[in-house]
Amino acid sequence: MTITYLEAIREAQEKALRDDQRVYIYGQDVGAFGGAFKATKNLAKEFPGRILDAPISEDAMVGSAIGAAIEGMRPIIEMQFADFSVVGFNQIVNQAATLFWRTQVACPITIRLPSGGNPGSGPFHSQCLESLYSHFPGLVVMTPATVEDAYTMLLEAVEIDDPVIFCEHKYLYNRLKSDALPETGLPYDTARVARSGRDLTIVAYSAMVHEALAAADQLRKEGIEVEVVDLRCVKPFDLKTVLGSVARTARLLCVGESWPWGGVNSEVIASVVTHGFHLLDAPPQRINSKDTPIPFHPNLWGVHKPSSQVIAAAARKLHEW
Amino acid sequence: MLDTLKEPKREVVSSVSREQYVDAFRWMLLGRTVEEKLASLWRTGKISGGVYLGKGQEAISAALGIMLKSGDIFGPLIRDQAGRLAFGEPLIDVFRVHFGSRTGLSRGRDGNVHRGNPREGYHAMISHLGSLISVVAGALLARRFKGDASAIGATTIGDGGTSTGAFHEAINMAAIEKLPLVVVVVNNQYAYSTPNSRQFACSDLVDRAIGYGVEGHSLDGTDLRDCLEVLAHATARARAGRGPQMVVGSCLRLTGHAEHDDAFYMDKSLYHTRLGRDCLKVAETYLQQHQWADEVLLENWRKNAKERVEEAVADAQREPLADPSTETWCPYATQRIAEALLVR
């Protein structure tokens with residue numbers, strides 16, 4: 001039996017609904033239709049009255065989840081696309097993220113953001129917004145890269161007492177497969193060394209982990225041993241594991257699919273430079289998507305986001321520095 | 001709209017009892033007294049940031065507050081001091097939050113009108129207008145999930161707040177879910193300095209109710225009796241499962257947007273219309289006309305309100321203020337994250 005990244009997300013929601021009566025799902029087309037990507041397939045049948053179709057009102061979707069969470073529920077909000085979450089941005093960053101700080105009342109909501117592009121998706125169905133949400137105090141931002149993490153981290157997201165932005169990558173939905181779902185996983189706030197190597201550290205998350213691993217395969221043939229660290233959760237992120245890796249390799253390349261300005265990559269590099277300057281033999285580098293809106297045509301889209309070739313080229317240069 | 005506020009059509013025999021009227025009036029009076037004190041504390045530099053007052057809106061606010069029962073949900077806005085007290089806000093919390101007391105609910109982290117006790121169904125607004133409506137709706141959704149069909153939720157908004165997308169999304173959503181939500185639109189004619197003519201083009205905001213598929217009601221916000229009758233009716237209908245109720249109350253903001261604002265831009269002629277009446281004065285006259293209270297009793301109530309306020313201020317002033325050295329600087333509720341931050 002194989003299970004995809006998308007099915008893992010569905011299975012995690014099914015388990016959360018089964019185990020915890022406080023959980024319900026609210027989002028556009030999530031009911032009988034099963035969601036735009038089928039992440040809630042058959043859940044409405046299985047859990048009558050707990051999978052609610054929402055009007056096209058992201059602000060009200062998130063606002064209502066906050067109110068329900070205050071009353072002790074554990075809502076899961078499915079944004080149809082990460083790109084549309086900004087319509088509910090105010091509720092997320094000003095209401096949900098500040099609630100505990102202001103009132104001592106927790107806001108345990110999970111907001112699922114189908115993120116990243118597929119060929120032809122264009123500027124408004126392809127965004128990666130983890131950097132944007134990471135800017136706001138009070139939010140937890142998860143970026144699972146594997147089938148196993150999609151499953152265990154979504155379950156953790158529902159359990160966490162704070163608002164979680166769960167960035168699930170659409171490119172991985174059906175391309176990533178695993179044999180079975182795990183019973184347990186690493187805690188969400190712990191980074192994973194996805195591949196060991198002595199020459200260079202690549203820190204990546206979400207779909208970029210796989211591009212980094214592909215680059216590492218190529219570089220191994222050239223005699224360069226790359227260590228790949230999968231952040232898993234970008235806010236908060238596991239600086240200790242990153243510093244541990246940089247201590248071994250002395251070189252750091254950060255790869256993320258969001259835009260470069262003030263992003264996860266910048267934060268990781270700033271933290272490493274601040275706390276581990278003495279560990280570095282070369283200036284840390286970063287690769288993001290290009291600083292433009294996301295292009296529609298596959299010819300352009302293919303080079304807009306970081307690819308294994310671009311990562312490998314940057315890694316070679318950094319290795320030679 | 002500005003000059004069309006007419007005396008409401010009334011039942012010959014009002015359903016409002018002396019007890020209820022007096023109850024609401026005393027919350028109005030206490031709210032006004034609290035706010036006069038807040039204004040004076042602000043003028044003498046005892047309060048940081050803004051002080052937002054509800055002068056002229058106490059009748060609507062208090063009437064709404066007393067219609068809510070224990071277990072109901074309330075999401076007040078900036079001019080709801082009277083309603084907050086009627087809903088059960090402890091007097092001292094008003095001053096704790098304004099002073100930034102370490103003991104208060106927000107511990108100096110947020111101030112003035114951004115206060116509440118959400119765990120008790122008393123929600124703490126943020127500054128973004130319209131955004132609290134869906135939160136109250138969501139709390140009602142949770143009650144439905146939990147099988148509690150007895151509670152209703154109420155929230156207020158101004159004329160300006162009706163222009164937001166959040167207002168539209170939330171009422172539409174609440175209507176779809178047929179939630180027992182009462183949205184009270186207090187049309188006080190101005191949003192900061194912007195008059196209604198620059199805020200909306202419909203002839204009456206209550207007409208929007210039809211568009212949302214909810215029941216609409218209008219009331220004269222200067223007349224406590226009308227406020228009590230209409231809000232009793234609207235809250236009863238919400239309680240009876242008739243879905244969201246939109247109540248539009250008309251009045252005039254008898255103050256600036258906040259204490260720093262002298263409201264020079266307001267059309268002064270409005271003060272001489274029915275809209276411009278001070279609801280507290282109107283209620284005092286009503287009480288006397290119906291021989292429900294004489295001047296001696298009114299003076300007693302005023303004195304009592306002042307004493308209670310002075311006592312609360314004195315108590316709150318004795319409390320320690322927010323202190324950076326005792327602040328956790330941690331915005332997370334999750335134990336694991338909080339512990340990691342504290343170690344760092």
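Just so you know, in segment A:156-182 the residues that are in a loop (DSSP other than H, G, I, E, B) and away from chain B (no Cβ under 14 Å) include one that is surrounded by the fewest Cβ atoms within 10 Å (Cβ to Cβ), and it is A:179. The set of residues in segment A:29-60 being over 11 Å from residue A:78 (Cβ atoms) and not in a loop (DSSP other than H, G, I, E, B) consists of A:44, A:45, A:46, A:59, A:60.
Residue pairs whose Cβ atoms lie under 6 Å apart, separated by 6 or more positions or on different chains, with the first residue in segment A:82-100 and more than 8 Å from every other protein chain (Cβ to nearest Cβ) and the second of a type in the set (Gly, Ala, Ser) and outside any helix (DSSP H, G or I), are A:82/A:115. Just to verify a result, which residue in segment A:101-155, among those that are in contact with a Cys (Cβ under 8 Å, 6 or more places away or on another chain) and among the polar types (S, T, N, Q), is nearest to the other protein chains (Cβ to nearest Cβ)? Residue satisfying both the conditions and the ranking: A:143.
Only one residue in B:302, B:318, B:239, B:336 is within 14 Å of chain A (Cβ to nearest Cβ) and surrounded by fewer than 19 Cβ atoms within 10 Å (Cβ to Cβ), so which one is that? Result of the check over B:302, B:318, B:239, B:336: B:336. Can you find even one residue in segment B:231-240 that is in contact (Cβ under 8 Å) with a residue 40 or more places away in the chain and within 28 Å of residue B:43 (Cα to Cα)? No; the residues of segment B:231-240 include none that is in contact (Cβ under 8 Å) with a residue 40 or more places away in the chain and within 28 Å of residue B:43 (Cα to Cα).
Report yes if some residue within segment B:241-261 is modelled with pLDDT of 95 or more, part of a loop (DSSP other than H, G, I, E, B) and polar (S, T, N, Q); otherwise report no. No; the residues of segment B:241-261 include none that is modelled with pLDDT of 95 or more, part of a loop (DSSP other than H, G, I, E, B) and polar (S, T, N, Q).
Considering only segment A:235-264, state which residues are closer than 22 Å to residue A:129 by Cβ, in contact with a helix residue (DSSP H, G or I) (Cβ under 8 Å, 6 or more places away or on another chain) and not hydrophobic (A, V, I, L, M, F, W, C). Once the filter is applied, which keeps residues that are closer than 22 Å to residue A:129 by Cβ, in contact with a helix residue (DSSP H, G or I) (Cβ under 8 Å, 6 or more places away or on another chain) and not hydrophobic (A, V, I, L, M, F, W, C), segment A:235-264 yields A:235, A:236, A:256, A:257, A:258, A:260, A:262, A:263. Here residue B:82 passes the criteria (1) more than 14 Å from chain A (Cβ to nearest Cβ); (2) of a type in the set (Gly, Ala, Ser); (3) not in a helix (DSSP H, G or I) except the one numbered (3). Evaluation of residue B:89 against the conditions (1) among the acidic types (Asp, Glu); (2) within 14 Å of another protein chain (Cβ to nearest Cβ); (3) assigned to a helix (DSSP H, G or I) shows that the sole unmet condition is (3). The number of residues in segment B:137-167 being in contact with a Phe, Trp or Tyr (Cβ under 8 Å, 6 or more places away or on another chain) and either more than 8 Å from chain A (Cβ to nearest Cβ) or surrounded by 21 or more Cβ atoms within 10 Å (Cβ to Cβ) (or both) comes to 9. The set of residues in segment A:229-247 being basic (Lys, Arg) and touching a Leu at 6+ places or on another chain (Cβ under 9 Å) consists of A:232, A:235. Residues of segment B:111-131 that are buried (at least 23 other Cβ atoms within 10 Å of the Cβ), at the interface with another protein chain (Cβ under 8 Å from one of its Cβ atoms) and within 13 Å of the chain's Cα centre (by Cα): B:116, B:123, B:124.
Taken over segment B:153-173, the residue count meeting the criterion of being more than 19 Å from residue B:124 (Cβ to Cβ) and either of a type in the set (Val, Ile, Thr) or more than 20 Å from the chain's Cα centre (by Cα) (or both) is 6.
The values are calculated or read from the model by the stated rules, or taken from the named source; none is laboratory data. Given the structure is predicted, the values throughout are model-derived calculations rather than measurements. As a convention, Cβ positions derive from the backbone with ideal geometry for all residues, glycine included, and neighbour counts pool all protein chains shown.
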